[in-house]
1. Which of the following values of Rg and Dmax of the Cα atoms in Å was calculated from the structure shown: (1) 18.5, 58; (2) 15.3, 45; (3) 15.8, 50?
2. Hey, any idea what % of the chain's accessible area is carbon plus sulfur with a 1.4 Å probe?
3. Taking N as the number of residues in segment 66-107, what is its Cα Rg relative to 2.2 N^0.38 Å?
4. Counting each DSSP H run of 4 or more residues in the chain as -39500 (n - 2.57), what helix-only mean residue ellipticity at 222 nm follows after dividing by all residues, to the nearest 500 deg cm²/dmol?
5. Can you give me the relative contact order of the chain as a percent, contacts being Cα pairs under 8 Å and 6 or more apart?
6. Need the list of aspartates and glutamates near Lys135 for cross-linking: C-alpha distance under 20 angstrom, and skip anything on the same chain fewer than eight residues off.
7. Subtract the Cα-Cα distance of Val150 and Tyr20 from 0.36 nm times their separation in residues, and report this length gain in nm to one decimal.
8. Quickly work out the His85-to-Ser134 label distance, labels modelled 7 Å from Cα along the C-beta direction, and quote it in nm with one decimal.
Amino acid sequence: MRHPTHVIFSLVVAYPFYHYTKLPMVSYLLVASWASLLPDVDHPKSHLGKSVLSKIIRITTSHRGWTHSLFGMLVFCSLFALILHFLKIDLAYTIPFALGYFSHLISDSLNPTGVRWFWPSKRRIGIGLIATGSKREILFRYLLIGVLGVEILREILGYF
């Protein structure tokens, strides 16, 4: 998937859980969005691919390696929680972070390449429904925008 699809999908996944936290909505959704891009830190052309972190991670893996697994999610969520702890920021931010990261793994599992959910196992899980950059991905993205719009509208109008 391309980064706009990952971001929008993360919002669709994370938004329903927002009400279970006391976090400001904007920062909650920004954390989920940012975390949805993090698994692609192992790809040199990703939004995070030019960072120092990306250069270090690419020494340890290829694209869709350990960063695209439950192990990678655990590593990054743990590091994020440690950073929050040391900065004395509400640890509840690990919720949107985990949801954003998890949404990336789910959406990449819709791709024919799939992901290695249980790294270091070599088995990739993917259903082959949406190829990266395809017309199906664009259609999926617009569908997600519609779903998110309906959810926001329901909240504004008071329907739950």
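1. Computed from the coordinates, Rg and Dmax of the Cα atoms in Å corresponds to (3).
2. Roughly 72 percent, rounded to a whole number.
3. Normalised by 2.2 N^0.38 Å, the Cα Rg of segment 66-107 equals 1.15.
4. So the helix-based figure for the chain works out to -18500 deg cm²/dmol.
5. 28
6. List returned: Asp108.
7. Result: 44.9 nm gained on full extension.
8. 4.3
The values are calculated or read from the model by the stated rules, or taken from the named source; none is laboratory data. Values in this document were obtained by computation on a predicted structure and should not be read as measured data. We place every Cβ from the backbone using ideal geometry, glycine too, and count neighbours over all the protein chains shown. Note: areas computed on protein heavy atoms with side chains; ligands, DNA, RNA excluded. Shrake-Rupley method; radii C 1.70, N 1.55, O 1.52, S 1.80 Å.
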